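To start, the structure under review is shown below, and the notes come after it.
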Amino acid sequence: MDYLSQKRMDHGHAERFVQLMAEFERPMRRLCAVYADRAMDRDDLFQEIFLAVWRALPAFRGEASARTWLYRIAHNVALTWQARQRRRDTQEGPLSDHAGPETHIDVRRLELKRTIARMPPGDRTLVLLWLEGLSAAEIEDVTGIKAPTVAVRLSRIRKALQPNEVTP
Amino acid sequence: MSEDAFPLRAIWMSGAAGDDDLRTAVERVLDKDRAQRSRERRLRGAGAAAMVALVPVLIWAAAFGVSPLVRVAYALMAVGCVAGVVAEWLYLAWSRRALPGPDDTRSQLQRTAFMLDAQVWLTRTAALWSSPVFVGVLLICVWLYRERTLAGALTIGTLTLAAWIGIGAGAVRTTAELTRRRRRLDEALADLHA
């Protein structure tokens, strides 16, 4: 691959990057879907996240797990990216720019996405990390919010995501 | 984390496959990296070129100008030119330091907000730190008016004032945009730790 032969990257760095991208592409696309409604914006945010990963990778020595390290970058990029946007387009995100929900689970997922997109940034960050399967301790590591506080806030947020609120 | 989480997680995990294959996605990221680095290199290069090409000439003119007024004018322009290049380098450096990295969210948002404050200060004072260049050119206009033609002095003076106002207006717009961004980061930070 031509990107592996660029002068400024060593081979291991590039391989690690491709590995990370393969492993975390789907979680990052899910994150981007909450922060941006338009496909173009989602792609832009996705690229910004992996651009930050690419630039931070040479300094990554493995003190933290790759997963929490990457989620830190992703949420930092998403929050600063959103601060740059002129429109607050996640407040009333339409469902219509998707191919069209075809199954019950698609509808549930899109409603869930919309509910999360309407949340304030702090709650949104916590619930996204929790939905991706991070523990309270890992969420503390990513956000800097103490694990007990994370647990309390998540318990409150979960109530807002009960099935009767998620089901259309 | 209760068990009722898992249906939600299952629903959540069911979505969002990318349109690109992995190779295309990687290449697009690296293309973006190259484009941004090249833009930054060009801006730094332009600053360095101004320092190397323009400042020595202005200093020479400040030393050997035809009259004290002209010498002061060129000296001011040299000072303004250096101030402009330094300001541009600072702005780029602070922009780079504001970029999100692998810090925890609280530290990251605080650092970005701090860097935005620094950039706001720089843009807010743009009309001031760029003023030596414009004052210098206006002094040259005075000399032109006294020694040469009124029309030439008026033309150059008008263009200079227009450029100065333009820089001021651009700085006001940029300051407003950076302030808006700073406010939204503050909101996110406050909400994160509510």
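The values are calculated or read from the model by the stated rules, or taken from the named source; none is laboratory data. Computed from a predicted structure; not experimentally measured. Because the Cβ atoms are built from the backbone with ideal geometry, glycine has one as well, and the counts that use them run over all protein chains shown. In case anyone asks, the SASA skips ligands and DNA or RNA and just uses the protein heavy atoms, side chains included. Shrake-Rupley method; radii C 1.70, N 1.55, O 1.52, S 1.80 Å.
Going by accessible surface with a 1.4 Å probe and the largest first, B:Thr158, B:Thr174, B:Thr112 read B:Thr158, B:Thr174, B:Thr112. Counting only other chain Cβ atoms within 10 Å of each residue's Cβ, the peptide B:164-177 averages 0. Rounded to the nearest 10 square angstrom, A:Met28 shows an accessible area of 0 square angstrom against a 1.4 Å probe.
For the residues of B:25-38, the average number of beta carbons from a partner chain within 10 Å of their own beta carbon is 5. Here the simple spin-label model places points 7 Å from the Cα toward Cβ, and for A:Glu63 and A:Val107 these points are separated by 5.0 nm.
Run the dipole for the protein assembly as shown about the Cα centre, Lys and Arg Cβ at +1, Asp and Glu Cβ at -1, nothing else charged, and hand back the magnitude in debye, nearest 20.
On the way: 51 positive and 41 negative charges, 237 e Å.
Value, rounded to 20: 1140 debye.
Between the stretch B:109-138 and the stretch B:139-167, the C-alpha centres lie 25 angstrom from each other.
Between A:Cys32, B:Gly166, B:Ala188, the Cα set farthest toward the positive side of the dipole of the protein assembly as shown (charges on each charged residue's Cβ, about the Cα centre) is that of B:Gly166. Between B:Asp103 and any residue 5 or more places off or on another chain, the built amide H atoms are never under 5 Å apart. Here the protein assembly as shown has an Rg and Dmax of 26.0, 88 Å, counting Cα atoms alone. A:His104 contributes about 120 Å² of solvent-accessible surface, heavy atoms of the protein only, 1.4 Å probe. Our coupling estimate for the stretch A:145-153, obtained by passing each phi through the Karplus curve with A = 6.51, B = -1.76, C = 1.60 and θ = phi - 60°, is 8, 4, 4, x, 5, 4, 4, 5, 5 Hz, Gly and Pro reported as x.
Of the GluC sites (Glu not before Pro) in the stretch B:108-194, which ones lie in a loop per DSSP and count no more than 11 other C-beta atoms within 10 Å? Working shown, then result.
On the way: sites: B:Glu147, B:Glu177, B:Glu187; in loops: none.
Hits after loop and neighbour filter: nothing returned.
Computed over the Cα atoms of chain B, what is the convex hull's projected area averaged over all directions, in nm²? Don't jump to the answer; show the numbers that get you there.
Values: hull surface 66.2 nm².
So the Cα hull casts an average projection of 16.5 nm².
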